[in-house]
Ligand code: EPZ
């Protein structure tokens, strides 16, 4: 059984380069289908979710291979429009391929993406937007059969600024006739990165980062070479690691403007954070202070993906911090595991109350989801003794090599791969 072993109690000192953003490269890989050409993605992270997306592209007839650290995707040979149930189940966010396949081929068949560890993951906003653009979508037995002779540009108002729905509709709109405006669009930095990629392919897209994205569709698109933005949640992970263990770390390529809600909370807790053109430096001295209530919200609010990470960093703080998880219905599954390490956390519905404690103890714990697993490693850095973190298949979805990066920051962290199937039980 694979696990990460962490020897806690050691202050951090080191530097790490932040990997490419998982939540940017996934929609961009889907968007490569918009042209019958080759796209080269630089700074693409080697992740399980990326490999799952490459499997989907290959199953559609495309070529995809790593070439000198870049990812080259050739979508010219695409000859299928159906994503298998097995591939859909491998990665919940595969729904992001729907707009691209429909836009290019006029039809698409895929199974309903299941829920995940965070709770149900509906795609009703994706489907209603595509229907407004003229798609006919039948849902039968868990399978979505979609047809659109020609998507038509229109105004789509999202009832919630869904990241995935915004991205799916941006991509679909590139192949639609006329102008599409996505109103109440998500404003996450990954939306701006997708806009940058689409523009590099020749698309006319504007407004990313605001609550209205406009796409003038129907333009012929071509391949491109594009650099993926740095992963702001990976950066938040390592900032929280320094906050948890104490010490001084430097994160190169990290961009503070992408995670200002996280750095604001860490500064309030007592960390000294400075950023320059090349990255972010974080210095954390003595025991942290508890911070004012942390309410997760769509960007630029506090990111739900950093909720578990900050919680782990505050387990030994002075005082009490209240968390309110407003994006997903089941995003406190890491709490029981953090409690095994000595964390004092009470959960009631969307609210979790963390009371700082003097000591954490190294324990055997198991990841429950991607960011929850990273949070266990963050807490282990501050625990006395050795912690063993299992369930690495969750962590491998979003981190190239979490143990390696923590070691680069000065932690005693090592991964023991017993070579067993990555789909470990549980
Ligand atoms: C993206 O998920 C990210 N995933 C998530 O990271 C991230 O937590 C989330 O955005 C919020 O920032 C990727 O980008 C691949 P949403 P997404 O659509 O697009 C509800 C990770 O593993 N909703 O903004 O699914 C939904 O149920 C993941 O790193 C609908 O009701 O997020 C959720 O409660 C975790 N109907 C809320 O909106 C819909 O049609 C936010 O979802 C779509 C979403």
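Key figures for this structure:
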{"quantity": "Strands (runs of 3 or more DSSP E) wholly inside the range 89-163 containing at least 2 residues that are buried (at least 17 other Cβ atoms within 10 Å of the Cβ), more than 8 Å from the ligand (Cβ to nearest atom) and within 23 Å of the chain's Cα centre (by Cα)", "calculated": "107-111"}
{"quantity": "Residues of the range 172-210 that turn out to be assigned to a helix (DSSP H, G or I) and within 13 Å of the ligand (Cβ to nearest atom), as a count", "calculated": "5"}
{"quantity": "Among (1) at positive phi; (2) within 16 Å of the ligand (Cβ to nearest atom) - the single one residue 319 does not satisfy", "calculated": "(2)"}
{"quantity": "Residue match in the range 340-355 (condition: free of Cβ contacts under 8 Å to residues at least 40 places away in the same chain, in contact with a strand residue (DSSP E or B) (Cβ under 8 Å, 6 or more places away or on another chain), over 30 Å from residue 162 (Cβ atoms) and buried (at least 19 other Cβ atoms within 10 Å of the Cβ))", "calculated": "yes"}
{"quantity": "Every residue from the range 333-368 that is within 14 Å of the ligand (Cβ to nearest atom), in a loop (DSSP other than H, G, I, E, B) and at pLDDT 95 or above", "calculated": "333, 350, 367"}
{"quantity": "Total residues in the range 273-315, condition crowded, with 21+ Cβ neighbours inside 10 Å, over 23 Å from the mean Cα position of the chain (by Cα) and farther than 30 Å from residue 211 by Cβ", "calculated": "3"}
{"quantity": "For residue 1: the one exception among (1) farther than 27 Å from residue 407 by Cα; (2) modelled with pLDDT under 95; (3) more than 16 Å from the ligand (Cβ to nearest atom)", "calculated": "(1)"}
{"quantity": "Every residue from the range 64-88 that is over 16 Å from residue 25 (Cβ atoms), touching a helix residue (DSSP H, G or I) at 6+ places or on another chain (Cβ under 8 Å) and not in a helix (DSSP H, G or I)", "calculated": "78, 80, 81, 83, 84"}
{"quantity": "Whichever residue in the range 371-406 is part of a helix (DSSP H, G or I) and free of Cβ contacts under 8 Å to residues at least 40 places away in the same chain and, among such residues, is farthest from the ligand (Cβ to nearest atom)", "calculated": "404"}
{"quantity": "Tally of residues being out of contact with any strand residue (DSSP E or B) (no Cβ under 8 Å at 6 or more places or on another chain) and buried (at least 17 other Cβ atoms within 10 Å of the Cβ) across the range 62-88", "calculated": "2"}
{"quantity": "Condition met for residue 225 (at negative phi and out of contact with any helix residue (DSSP H, G or I) (no Cβ under 8 Å at 6 or more places or on another chain))", "calculated": "no"}
{"quantity": "Residue within the range 24-38 that is under 24 Å from the mean Cα position of the chain (by Cα), within 13 Å of the ligand (Cβ to nearest atom), surrounded by 20 or more Cβ atoms within 10 Å (Cβ to Cβ) and in a loop (DSSP other than H, G, I, E, B) present", "calculated": "no"}
{"quantity": "Test for residue 41: is it modelled with pLDDT of 95 or more, more than 21 Å from residue 192 (Cα to Cα) and either out of contact with any strand residue (DSSP E or B) (no Cβ under 9 Å at 6 or more places or on another chain) or not assigned by TED's automatic domain parsing to the domain that holds residue 395 (or both)", "calculated": "no"}
{"quantity": "Number of positions in the range 9-28 that are touching a strand residue (DSSP E or B) at 6+ places or on another chain (Cβ under 7 Å) and farther than 16 Å from residue 238 by Cβ", "calculated": "3"}
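The values are calculated or read from the model by the stated rules, or taken from the named source; none is laboratory data. Just so it is clear, the structure is predicted and the values come from calculations on it, not from any experiment. Methodologically, a virtual Cβ is constructed for each residue, glycine included, from the backbone with ideal geometry; neighbour enumeration extends over all protein chains shown.
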